Amino acid sequence: MKSGVALEAATAQAAKAPVTPDFAGFLAAIGRALPSACILARAEQTRAYECDGLTMYREQPPVVVLPEDETQLIAVLNACRAHHVPVVPRGAGTSLSGGATPHPQGVVIGVAKFNRILKLDPERAIAVVQPGVRNLAISEAAAPHGLYYAPDPSSQIACSIGGNVAENAGGVHCLKYGLTVHNVLGLRVVTGAGEVVELGGEAPDAPGLNLLQLCVGSEGMLGMVTEVTVKLLPRPELARVVMASFASVERAGEAVTRIIAAGVIPAGLELMDQRAVKLVEPFVQAGYDLDAAAILLCESDGTTEEVCEEIGRVEALMATAGATRVQVSASEAERLRFWAGRKAAFAAAGRISPDYYCMDGTIPRRHLARVLGAFEEMEATYGLACSNVFHAGDGNLHPLILFDANQPGEVERAQAFGAAILELCVEVGGTITGEHGVGIEKINEMCVQFTRAELDAFAAVKRAFDPQGLLNPLKVIPTLARCAEYGKQHVHRGELPFPDIPRF
Amino acid sequence: MEPVLSRFGEQVAGARAAGRKLVIRGGGTRLFYGEPLPEDDSFEWLDLSAYRGVVAYEPSELVLTARAGTPLAEIEALLDREGQMLAFEPPRFGAGDTLGGCIATGLAGPRRLAAGPVSDYVLGTRLMRGDGEVMHFGGEVMKNVAGYDLSRLLVGSLGVLGPVLEVSLKVMPKPRSEVTLVLALDEAEALRRCVQWRSQPIPVSATAWLPDGSGGQLSVRLSGNASAVREGVEKLGGGVLDAATACAFWLGLRDQTHDFFNQRPLWRVTLPPGAPSLGIGRELHEWQGCLRWLTGMHAPDALRAKVRKLGGWASRYRHDGTSDASPVFHPPAPAVIRVQQRLKQQLDPDGVFSPHRLYPDF
Ligand SMILES: Cc1cc2nc3c(=O)[nH]c(=O)nc-3n(C[C@H](O)[C@H](O)[C@H](O)COP(=O)(O)OP(=O)(O)OC[C@H]3O[C@@H](n4cnc5c(N)ncnc54)[C@H](O)[C@@H]3O)c2cc1C
């Protein structure tokens with residue numbers, strides 16, 4: 001098959017050792033284009049950039065550049081192309097998949113100085129912002145007009161909107177209000193080839209191929225985002241949350257199924273297993289039921305009347321699903337208290353354990369009980385504890401593996417545990433990442449989730465935007481050699497080890 | 001591999017080897033959309049209609065997977081039984097409508113502005129490449145960022161990147177309550193109100209404005225929980241349309257059976273919210289003023305320049321029986337075209353699939 005061969009050859013070529021970067025030439029070129037204050041090359045200046053939120057991977061970059069505007073950014077990217085210098089785009093550096101981990105021979109281009117809200121149009125409920133603007137800053141700017149930006153990753157006080165676009169970030173409210181991809185109307189991007197392109201825009205249905213949504217979630221591998229147009233929503237008048245306890249994870253899963261089957265799309269629907277509850281309760285004193293095998297938090301928002309109507313419905317559904325305790329937040333303070341534990345899950349893990357590893361797989365929810373059961377067995381296999389918080393509405397699991405990096409072998413065991421979790425997600429028909437991205441962390445698991453043909457198609461997309469392969473090289477798309485070395489094969493659909501999965 | 005798929009694979013690989021072009025079709029009800037097909041025999045059909053059937057449907061996970069040739073009507077009937085729907089309200093042009101055609105054209109109906117585009121609901125796809133190999137992107141889960149989002153890229157691609165064989169969709173519960181209001185308003189006032197509602201918690205799920213003798217009429221559909229709809233009705237005022245009339249009215253717009261759609265040529269213009277009247281002849285507005293259907297013999301370049309200045313796009317939607325040398329779709333900026341062209345070359349290096357359907361030049 002000719003084209004298969006051609007594609008493989010092309011991939012092999014892209015994977016071939018790239019032309020050696022001409023660093024001196026690069027530095028001279030950017031020195032002419034940018035004020036010297038924008039170029040950080042001393043070790044003490046670049047140390048802060050050696051990792052992102054996935055601190056297991058560290059690499060001190062030879063140089064960090066912080067351009068002040070798009071013209072300077074283009075000059076830096078042009079110099080990178082001319083001198084074959086790899087580029088790692090960086091927002092706030094909160095990525096949990098090593099997406100912003102520096103390249104040993106590359107430049108980190110930070111968008112920290114792209115921090116202005118260019119337009120906030122309250123009447124039309126649209127904002128145009130630069131990529132370095134923090135997620136929460138958009139909602140803060142919109143608040144006086146009764147508006148907000150819906151996607152709310154837990155990292156929202158720190159992470160940048162450009163990073164959110166690159167990772168297609170989600171939050172606890174994305175079941176009802178969508179992910180980043182559903183809330184971004186337009187992007188301005190400088191492609192790896194050096195073109196400035198405006199994708200999407202305020203008018204719906206831009207003609208041609210859907211490059212806008214292709215770029216969302218592309219992990220900084222296709223281009224650098226320099227402007228983001230987002231839609232804003234009216235802030236709901238009221239939000240209330242129902243907290244319910246269950247005697248088993250299955251029961252809690254069943255309650256989720258009933259809520260959604262009844263046509264309710266809650267603003268948030270989160271599950272915590274008993275380990276997670278026991279982990280957080282001592283820190284937040286939210287009043288969680290420590291005897292429950294699982295706790296469900298179900299939020300309703302909207303107008304006052306609407307919320308009352310929906311909360312009544314949810315309470316009844318929880319009861320029929322066998323909840324052992326049901327509480328409804330009676331005040332805003334109580335609502336926040338119910339949520340506090342869920343929000344503090346990572347922080348609590350950090351306080352109880354020297355290190356933790358946050359995973360991010362998605363599964364069809366009907367497999368929840370089986371998957372959590374398998375995690376328990378894995379705890380024994382790897383000798384590490386794991387607690388689970390779960391975006392139950394959309395099947396996105398966040399197992400937290402607790403470990404101590406100072407104990408010999410624990411890092412490796414945590415990584416192996418994590419890999420086993422992700423492989424199980426693929427096996428039951430899910431995915432290796434729901435919202436944190438592949439980065440460098442999950443590159444091996446890409447070999448499990450995708451066939452060579454599929455990985456080749458990703459490489460083809462990359463070449464269309466970035467023919468020299470300079471943006472975030474070595475991330476997301478594993479080479480043939482890498483998959484061979486990892487030695488695990490894509491699980492073909494027809495050969496799923498679960499012939500009993502109910503099929504329509 | 002399933003026998004039907006092997007057959008497709010052989011046809012695709014054979015066409016590629018012989019240097020023939022394939023134009024992909026399902027039920028053929030949407031072939032009017034896009035650049036006209038050549039009248040000679042320079043291409044052959046790749047007919048996906050035999051590859052049909054719902055593969056999986058999990059109402060409580062809000063996910064449905066079906067093969068490209070599945071009749072849209074079959075899918076909608078199935079969803080209906082569970083009180084669910086395709087939130088983007090795709091138009092139906094006839095019994096031949098297939099899911100594949102719906103995805104390849106990416107056309108959404110009256111709920112577009114409230115619900116988002118068709119691509120917002122596409123979770124996964126299977127795509128055949130030029131050597132007949134089948135690739136699977138995305139999946140059956142709501143959140144998935146492994147690899148690039150090729151599934152969403154395929155929505156509206158008119159087959160130029162290859163045949164979409166299977167699609168997983170996010171489906172939504174039907175609203176509990178729906179009311180249509182009618183307000184007598186001229187064009188400018190109707191546009192003004194539509195924009196105002198964007199920043200207010202009013203569950204507007206569709207709007208339509210049509211001129212009449214005394215100015216015009218704005219129809220507004222509110223959908224959601226009973227109480228939210230009731231509150232919306234109080235805020236908006238106007239007359240309530242009886243349910244049967246309302247249903248027929250929105251169906252006429254959704255399926256484009258309303259008289260307005262019989263006119264030729266028919267232009268489809270999309271504009272940013274709040275864009276003023278184009279002031280060039282009879283218009284039908286939908287999508288809170290962001291979609292304007294236009295008729296009349298407009299000079300394409302002049303119309304497009306005017307629309308672009310307002311931030312929008314103009315395509316010749318129905319052009320049967322009219323001849324025109326300009327492209328059917330509003331040409332994007334040259335840099336954007338270049339990237340699209342490279343993407344086409346990369347994903348379909350031999351140029352086998354549906355050439356010239358999206359752009360005359362590739
Ligand atoms: C405590 C904690 C909680 C978190 N909770 C969530 C959560 O609830 N939901 C969720 O989705 N994520 C969550 N995250 C992950 C992370 O915050 C998100 O992935 C976020 O979107 C990253 O944004 P950033 O600005 O930090 O990007 P960075 O980490 O700087 O970069 C992320 C990726 O984007 C690329 N990039 C950055 N800026 C640009 C640009 N302008 N143009 C092109 N590419 C660019 C980088 O190269 C990299 O690949 C959490 C992280 C932490 C530490």
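The values are calculated or read from the model by the stated rules, or taken from the named source; none is laboratory data. On a predicted model such as this, the values are computed, not experimentally measured, just so you know. Cβ placement follows ideal geometry from the backbone for every residue including glycine, while neighbour counts extend to all protein chains displayed. To get the accessible areas, we keep the full protein, side chains included, count just its heavy atoms, and leave off ligands, DNA and RNA. Shrake-Rupley method; radii C 1.70, N 1.55, O 1.52, S 1.80 Å.
A few points about this structure:
- In region A:312-326, the residues that are in a helix (DSSP H, G or I) reach residues that are aromatic (Phe, Trp, Tyr) with C-beta atoms within less than 9 angstrom, at least six apart or across chains, in these pairs: A:318/A:246.
- In region A:192-220, the residues that are among the hydrophobic types (A, V, I, L, M, F, W, C), facing another protein chain (nearest Cβ under 8 Å) and within 24 Å of residue A:74 (Cα to Cα): A:193, A:196, A:197, A:199, A:211, A:214, A:216
- Selected residue (criterion: nearest to residue B:182 (Cα to Cα)) from residues of region B:279-295 that are surrounded by fewer than 21 Cβ atoms within 10 Å (Cβ to Cβ) and at pLDDT below 95: B:282
- Per the listing A:372, A:397, A:402, A:422, the residue uniquely of a type in the set (A, V, I, L, M), within 15 Å of the ligand (Cβ to nearest atom) and surrounded by 21 or more Cβ atoms within 10 Å (Cβ to Cβ) is A:397.
- Candidate set from region B:203-231 (those that are buried (at least 22 other Cβ atoms within 10 Å of the Cβ) and touching an Asp or Glu at 6+ places or on another chain (Cβ under 6 Å)); member that is modelled with the highest pLDDT: B:208
- Of all residues in region B:242-275 being assigned to a loop (DSSP other than H, G, I, E, B) and more than 13 Å from every other protein chain (Cβ to nearest Cβ), the one that is least open to solvent (accessible area, probe 1.4 Å): B:265
- Residue A:163 meets all of the listed conditions (1) closer than 26 Å to residue B:104 by Cα; (2) within 7 Å of the ligand (Cβ to nearest atom) but one, namely (1).
- Residues in region B:225-238 include none that are in contact with a Cys (Cβ under 9 Å, 6 or more places away or on another chain) and of a type outside the set (Ser, Thr, Tyr).
- Against the numbered list (1) more than 26 Å from residue B:247 (Cβ to Cβ); (2) hydroxyl-bearing (Ser, Thr, Tyr); (3) open to solvent by 10 Å² or more (accessible area, probe 1.4 Å); (4) away from chain A (no Cβ under 14 Å), residue B:6 comes up short only at (4).
- Residues of region A:107-139 that are in a loop (DSSP other than H, G, I, E, B), within 16 Å of the ligand (Cβ to nearest atom) and open to solvent by 40 Å² or more (accessible area, probe 1.4 Å): A:112, A:113, A:115, A:116.
- Check on residue A:463, more than 16 Å from the ligand (Cβ to nearest atom), in contact (Cβ under 8 Å) with a residue 60 or more places away in the chain and surrounded by fewer than 24 Cβ atoms within 10 Å (Cβ to Cβ): yes
- In region B:307-345, the residues that are assigned to a helix (DSSP H, G or I), crowded, with 17+ Cβ neighbours inside 10 Å and not hydrophobic (A, V, I, L, M, F, W, C): B:340, B:342, B:344
- Any hit, region B:141-164, residues being of a type in the set (A, V, I, L, M) and open to solvent by 20 Å² or more (accessible area, probe 1.4 Å): yes
- Residue A:372 outside the structural domain of residue A:243 (by TED's automatic domain parsing), assigned to a strand (DSSP E or B) and either touching an Asp or Glu at 6+ places or on another chain (Cβ under 9 Å) or not acidic (Asp, Glu) (or both): no
- Qualifying residue in region B:152-171 (condition: without any contact (Cβ under 8 Å) to a residue 60 or more places away in the chain, within 13 Å of chain A (Cβ to nearest Cβ), out of contact with any Asp or Glu (no Cβ under 9 Å at 6 or more places or on another chain) and of a type in the set (S, T, N, Q)): no
- Out of A:225, A:242, A:230, one residue alone is assigned to a strand (DSSP E or B), within 14 Å of the ligand (Cβ to nearest atom) and either open to solvent by less than 10 Å² (accessible area, probe 1.4 Å) or without any contact (Cβ under 8 Å) to a residue 60 or more places away in the chain (or both). It is A:230.
- Pairs where the first residue, in region A:168-180, is free of Cβ contacts under 8 Å to residues at least 12 places away in the same chain and within 10 Å of chain B (Cβ to nearest Cβ) and the second is assigned to a loop (DSSP other than H, G, I, E, B) and open to solvent by less than 10 Å² (accessible area, probe 1.4 Å), C-beta under 8 Å, 6+ apart: none
- Filter result for residue A:437 (buried (at least 21 other Cβ atoms within 10 Å of the Cβ), away from the ligand (no atom under 16 Å from the Cβ), of a type in the set (Gly, Ala, Ser) and outside the structural domain of residue A:156 (by TED's automatic domain parsing)): no
So that you can scan it fast, the table gives a plain yes or no per residue for (1) surrounded by 20 or more Cβ atoms within 10 Å (Cβ to Cβ); (2) more than 31 Å from the chain's Cα centre (by Cα):
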| position | (1), (2) |
| --- | --- |
| A:295 | yes, no |
| A:312 | no, yes |
| A:326 | no, yes |
| A:334 | no, no |
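- Yes/no for residue A:194 being away from the ligand (no atom under 13 Å from the Cβ) and not in a helix (DSSP H, G or I): yes
- The residues in region A:192-204 that are buried (at least 21 other Cβ atoms within 10 Å of the Cβ) and in contact with a Lys or Arg (Cβ under 9 Å, 6 or more places away or on another chain) can be counted, and the count is 6.
- Region B:210-235, residues that are away from chain A (no Cβ under 14 Å) and in contact (Cβ under 8 Å) with a residue 12 or more places away in the chain: B:210, B:211, B:214, B:215, B:216, B:217, B:218, B:219, B:220, B:221
- Residue A:254 vs. criteria farther than 30 Å from residue B:274 by Cα and within 14 Å of chain B (Cβ to nearest Cβ): yes
- Residue A:57 vs. criteria more than 26 Å from residue A:481 (Cα to Cα) and of a type in the set (Ser, Thr, Tyr): no
- Among the residues making up region A:53-91, a single one is within 8 Å of the ligand (Cβ to nearest atom) and either over 25 Å from residue A:359 (Cβ atoms) or touching a helix residue (DSSP H, G or I) at 6+ places or on another chain (Cβ under 6 Å) (or both): A:91.
- Qualifying residue in region A:140-152 (condition: open to solvent by 10 Å² or more (accessible area, probe 1.4 Å), near the ligand (Cβ under 8 Å from one of its atoms) and either closer than 26 Å to residue B:193 by Cα or not in a helix (DSSP H, G or I) (or both)): yes
- Strands (runs of 3 or more DSSP E) contained entirely in region B:128-221, each with at least 1 residues that are under 30 Å from residue A:438 (Cβ atoms): B:134-138, B:164-170
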